[in-house]
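Below: one structure, written as structure tokens.
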Amino acid sequence: MPQQVCTTATLQCTFGVAPSVFNATPRPILTSQMVAGVITDHIPITNVPPFGVCSSPSNPSVAAATAAALGVLTPMPCVPVLPAPWAPGVPTVLIANTPALDNNCKLMCAWGGVISITFPGQVTHEIP
């Protein structure tokens, strides 16, 4: 069963070398006592921090560095370019009139990377 994504969720890009930590846009809706994510939480740096270095040949900085290294793939710092929201979202669960973000959603980077949620940030709290 899919889980709601919240601030502190772990993200991974197919062309990035390091995981990143999701940061939902502040709103009064919480899950596991953290801000709940929605599909429009896709702003680079703010919601989706970089993934270390990028190895996508579609990334202009990687292409330039690779050309300068005579064709040897040269990863460069990751700066995600995220033109569209997370997909598909959960249209039956609206948070502030926007579909909720669950751990089955993906985010496409303009440089060809696919960003997925490896840990949704939700934890179970035991009530004593």
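Extension gain for Ser58-Thr10 works out to 14.9 nm (0.36 nm per residue, less the C-alpha to C-alpha distance).
Among Asp102, Asp41, rank each residue by its count of other Cβ atoms within 10 Å, from fewest to most, as a rough exposure measure.
Details: Asp102 20, Asp41 24.
By the 10 Å Cβ count, ascending, the order reads Asp102, Asp41.
Among Ile115, Ile43, which comes first, second and so on when ranked by fewest other beta-carbon atoms within 10 Å?
Ile43, Ile115
Compute the FRET efficiency between Ala18 and Ala65 as 1/(1 + (r/R0)^6), taking r as their Cβ-Cβ distance and R0 = 30 Å, and round to the nearest 0.05.
The computed FRET efficiency comes out at 0.95.
At 222 nm, what value in deg cm²/dmol follows for the chain if DSSP H runs of at least 4 each add -39500 (n - 2.57) and the sum is divided by all its residues, to the nearest 500?
So the helix-based figure for the chain works out to -2000 deg cm²/dmol.
What's the Kirkwood radius of the stretch 1-127 in Å, using all Cα pairs?
Working: mean 1/r = 0.0662 Å⁻¹.
That comes to 15.1 Å for the stretch 1-127.
Here Thr92, Thr118 are placed in order of increasing Cβ neighbour count within 10 Å, fewest first, which gives Thr92, Thr118.
Each reported figure results from applying straightforward, stated rules to the coordinates on display, with no laboratory input. As the structure is a prediction and not an experimental result, all values here were calculated from the model. Every residue, glycine among them, receives a Cβ derived from its backbone with ideal geometry; neighbour counts consider all protein chains shown.
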